[in-house]
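Chemist: I'd like to ask you about the structure that follows.
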Amino acid sequence: MNAPPEDATEAAAELARLAAEIAAHDRAYHEQDSPTVTDAEYDALRRRNTEIEALYPHLARVDSPSRRIGPAPAGGFAKRRHRVPMLSLDNAFDAAEFEEFCQRVRRFLGLKDAVLPLVAEPKIDGLSISLTYEHGRLLHGATRGDGMEGEDVTANLRTMAAVPRTLRGQAPASIEIRGEVFMTKADFLALNAAQEAAGLRLLANPRNGAAGSLRQLDARVTAGRSLSLFAYAMGEASEKVADTHWGFLKRLEEWGFTVNDRSRRLAGAEAAEAFQTEIAAARSGLAYDIDGVVYKIDDLDWQRRLGFVGRTPRWAVAWKFAAEQATTRLEAIAIQVGRTGALTPVARLEAVNVGGVLVTRATLHNEDEIARKDVRPGDTVVLQRAGDVIPQIVSVVDAGRPDRGPAFVFPDHCPVCGSLAARPPGEVVRRCTGGLICPAQTEERLIHFVSRSAFDIEGLGERTLREFHAEGLVRGPADIFHLPEHEAEIAAREGWGDVSARNLMRAIEQRRCIGLARFIYALGIRRIGEANAKLLARHYGSYRAWREQMEAAVVIGSEARSSLGGILRIGPAIAEELAEFFAESRNLDAIDRLAALLDIQDAEPVGDGGALEGKIVVFTGSLESMTRPEARSLAEKLGARVADSVSKKTDLVVLGTDSGGKARRAAELGVPTVDEQAWLKLITEM
Ligand code: IVH
């Protein structure tokens, strides 16, 4: 090793310099394919970084090259759309929450006190993948990605012994199998030892080890790593393969997959609780890290009926182990300003390892929370982290010490633009009133604007956009679509080059054509998340109609305002939020300038575009073939909106047995009605 740093200050400075330098080489190598140093020079920089970190572990940076597993290969893998989205799971953290899950299932299926048949599978925090087999042969494999679209890593998956190339025995003509790719604790330690010996970067945890090994552009690198796979779910299949999930797991084994041998078939919450205790006790002795247990309803027909809410299935839940805790020093409380002006306190902490993750920041939620916990800079605090959630401060350890600093005073002015930060009565959040003049708000809005569910512009990530904003190249959303006029200037920037600049311009051009719902969501109006943006888009249909109606809705008591507030699940509070946004002429200007540069597509019908698309349906009385929640969810899947009461706007009333007042009201208003048999016929024929 060259001379070690003189002291911690020098070490910290050198680590900062190394992080920046290595990141620049990484960009040059991976994004521009034009390395600026030799491999040996590059390795020497990394080795120096690792060595200094070994001498000063507490100085290891969050962005340290040793913690990064290499940048996402820029355009390295082809994208693959999942035919059935790969969703995530709802969590339960204790027996009461697990019981709630069971209750929800019973309520939905209309089961009274039934003991639910379950399958329990230890939950490994690895990398979920999808494998498509046609006529028993592996056709392709992909990572989960954002759930809708992943990366095609077929070549890498083929190098894994645990991934069957051909299925044994009787397999359907086509089937998609899902599972978790992971690294055992032993393989992870061995990999890191080898990395260290070679002076290469160390991996933070087995999950990163698995992800980094699988997402290698050179499949030979993946082949040299030990990766394991447990199969546990199914995507699309050409035929029915089992009646129960347990039966499906057995078939997976017949076909040649490995199923976690700790999986169990159980009945009811009590058995689940016992299993949870048993696994928690066995946890440290298992060959792999787990963070909880996944419980799935065993009956596949029930699973089908239960379906999904949003991005999670109703038929499964991940019961996570209790949060991991650690103690550290609170260095400072910083105030962040969000896209809607909310002032959020963030604790900056002396770096500490909590359950395998290096934590340097924690959320403090809001000013009341700080007061309640009486946290002050300089305090020693207990920190906790559960699953993927942001770490939280639980309590102060040394509140009684004599030299403690003064209580934290929450600012009443925006720390970024200096405008008044107001807290309306009854609200917990204090907000900057600077609106569009506040650079922090504008910047956060821009970040939101290009985020995945909004304009999703590849190559325009958070860091780049912050840079462009700071330099005045992008002041508002419309400027993004003027970037192509600055292509040469961008290509000349450090770390860019012709190829990256051209790719960015192409990505921007592709997004000039955008769906109405995405457009509305991208504007970042308070309370207009993806779901509400979709509702608005479906209701108004076209950009012009929406824009016109929103401007008209600014007037309280106008027809446009009451129509907006009357949209199911929008309501008066959200209507007011929209009206407030449109009352601001600077917002209107910004939208108009943006819209002039875009081709905003009319809202497409959702669901299957069935005959219930956009229809308002009311259920009354009890149905025999399904419960109310199930009927509601079915109708919504077919594009309908389900209302609670009958009005002139109702399109259809479904009459169960004992339907009273609503049936009469439908008759009075001349709203069409159907009985349960006709309803079933209607939905099955769609
Ligand atoms: S089933 C519709 N089963 O957990 C959801 N997931 O939080 C289907 N995971 O992305 C997932 N072990 O990466 C399922 N036995 C198991 C699992 C499991 C780990 C992961 C998976 C998924 C995440 C959801």
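Chemist: Does any residue of the range 215-235 turn out to be modelled with pLDDT of 90 or more, in contact with a Lys or Arg (Cβ under 9 Å, 6 or more places away or on another chain) and assigned to a helix (DSSP H, G or I)?
Modeler: No, every residue in the range 215-235 fails to be modelled with pLDDT of 90 or more, in contact with a Lys or Arg (Cβ under 9 Å, 6 or more places away or on another chain) and assigned to a helix (DSSP H, G or I).
Chemist: Now a separate question. For the range 314-364, which residues satisfy the criterion of being aliphatic (A, V, I, L, M) and either more than 28 Å from Gly418 (Cβ to Cβ) or within 16 Å of the ligand (Cβ to nearest atom) (or both)?
Modeler: Answer for the range 314-364, where residues must be aliphatic (A, V, I, L, M) and either more than 28 Å from Gly418 (Cβ to Cβ) or within 16 Å of the ligand (Cβ to nearest atom) (or both): Ala316, Val317, Ala318, Ala322, Ala323, Ala326, Ala351, Val352, Val354, Val357, Leu358, Val359.
Chemist: Return the residues of the range 223-242 that are polar (S, T, N, Q) and within 14 Å of the ligand (Cβ to nearest atom); say none if nothing qualifies.
Modeler: Ser228, the sole residue that qualifies.
Chemist: Output the residues belonging to the range 149-175 that are part of a loop (DSSP other than H, G, I, E, B), touching a helix residue (DSSP H, G or I) at 6+ places or on another chain (Cβ under 6 Å), surrounded by fewer than 21 Cβ atoms within 10 Å (Cβ to Cβ) and on the phi < 0 side of the Ramachandran plot.
Modeler: Once the filter is applied, which keeps residues that are part of a loop (DSSP other than H, G, I, E, B), touching a helix residue (DSSP H, G or I) at 6+ places or on another chain (Cβ under 6 Å), surrounded by fewer than 21 Cβ atoms within 10 Å (Cβ to Cβ) and on the phi < 0 side of the Ramachandran plot, the range 149-175 yields Thr159, Arg168.
Chemist: While we're on this one: Does the range 396-417 include one or more residues that are free of Cβ contacts under 8 Å to residues at least 40 places away in the same chain and under 30 Å from the mean Cα position of the chain (by Cα)?
Modeler: no
Chemist: Among the residues of the range 409-439, how many are in contact with a Leu (Cβ under 9 Å, 6 or more places away or on another chain), closer than 19 Å to Val346 by Cα and not basic (Lys, Arg)?
Modeler: 9
Chemist: Which residues, taken from the range 547-566, are among the basic types (Lys, Arg) and closer than 17 Å to Arg527 by Cβ?
Modeler: Scanning the range 547-566 gives a single hit, Arg561.
Chemist: Just name the residue that is modelled with the highest pLDDT out of those in the range 424-441 that are over 23 Å from Arg586 (Cα atoms) and among the aliphatic types (A, V, I, L, M).
Modeler: Val429
Chemist: Another question, then. List every residue pair whose Cβ atoms sit under 9 Å apart, with the two residues 6 or more apart in sequence or on different chains, where the first one lies in the range 219-236 and is within 29 Å of Gln195 (Cβ to Cβ) and among the aliphatic types (A, V, I, L, M) and the second, anywhere, is at pLDDT below 90 and within 16 Å of the ligand (Cβ to nearest atom).
Modeler: Close Cβ pairs satisfying both conditions: Leu227/Gly209.
Chemist: Counting only residues that are assigned to a loop (DSSP other than H, G, I, E, B) and modelled with pLDDT of 90 or more, which one in the range 583-606 is farthest from Ile514 (Cα to Cα)?
Modeler: Across the range 583-606, the extreme among qualifying residues is Ala596.
Chemist: Touching a residue at least 12 places away in the same chain (Cβ under 8 Å) and out of contact with any strand residue (DSSP E or B) (no Cβ under 9 Å at 6 or more places or on another chain): is that true of Ala197 in this structure?
Modeler: Against the criterion (touching a residue at least 12 places away in the same chain (Cβ under 8 Å) and out of contact with any strand residue (DSSP E or B) (no Cβ under 9 Å at 6 or more places or on another chain)), Ala197 does not qualify.
Chemist: Same structure, new question: Please count how many residues of the range 299-313 are farther than 17 Å from Thr244 by Cβ and more than 9 Å from the ligand (Cβ to nearest atom).
Modeler: The qualifying residues number 3.
Chemist: Name every residue in the range 114-148 that is assigned to a strand (DSSP E or B), aliphatic (A, V, I, L, M), more than 9 Å from the ligand (Cβ to nearest atom) and touching a Gly at 6+ places or on another chain (Cβ under 9 Å), in order of residue number.
Modeler: If the condition is that a residue be assigned to a strand (DSSP E or B), aliphatic (A, V, I, L, M), more than 9 Å from the ligand (Cβ to nearest atom) and touching a Gly at 6+ places or on another chain (Cβ under 9 Å), then Leu118, Leu131, Ala142 are the ones that fit.
Chemist: Only residues in the range 86-102 that are within 14 Å of the ligand (Cβ to nearest atom) count as the first member; pair them with residues that are in a loop (DSSP other than H, G, I, E, B) and basic (Lys, Arg), Cβ under 8 angstrom, at least 6 apart or cross-chain, and list the lot.
Modeler: Met86/Arg144; Leu87/Arg311; Ser88/Arg311
Chemist: OK, next. Working only within the range 353-382, note down all residues that are closer than 30 Å to Gly209 by Cα and buried (at least 18 other Cβ atoms within 10 Å of the Cβ).
Modeler: Val354, Gly355, Val359, Ala362, listed by residue number.
Chemist: Just wondering, is there one or more residues in the range 479-501 that are part of a loop (DSSP other than H, G, I, E, B), within 25 Å of the chain's Cα centre (by Cα) and not polar (S, T, N, Q)?
Modeler: Scanning the range 479-501 turns up no residue that is part of a loop (DSSP other than H, G, I, E, B), within 25 Å of the chain's Cα centre (by Cα) and not polar (S, T, N, Q).
Chemist: Do the conditions hold for Leu111, that is, is it within 14 Å of the ligand (Cβ to nearest atom) and outside any helix (DSSP H, G or I)?
Modeler: Taking the combined requirement at face value, the residue does not satisfy it.
Chemist: Which of the residues that make up the range 305-341 are crowded, with 18+ Cβ neighbours inside 10 Å and assigned to a strand (DSSP E or B)?
Modeler: Answer for the range 305-341, where residues must be crowded, with 18+ Cβ neighbours inside 10 Å and assigned to a strand (DSSP E or B): Pro313, Ala316, Val317, Ala318, Trp319, Lys320, Thr328, Leu330, Ile335, Val337.
Chemist: May I ask you to say which residue of Ala269, Ala281 is more than 16 Å from the ligand (Cβ to nearest atom), over 19 Å from Leu87 (Cβ atoms), touching a Cys at 6+ places or on another chain (Cβ under 7 Å) and in a helix (DSSP H, G or I)?
Modeler: Exactly one residue qualifies, and that residue is Ala269.
Chemist: Within 16 Å of the ligand (Cβ to nearest atom), hydrophobic (A, V, I, L, M, F, W, C) and within 23 Å of Asn260 (Cα to Cα): does that describe Met183?
Modeler: Yes.
The values are calculated or read from the model by the stated rules, or taken from the named source; none is laboratory data. Because the structure is predicted, anything quoted here is derived from the model rather than measured. FYI the Cβ positions are ideal-geometry reconstructions off the backbone, even for glycines, and counts take in every protein chain you see.
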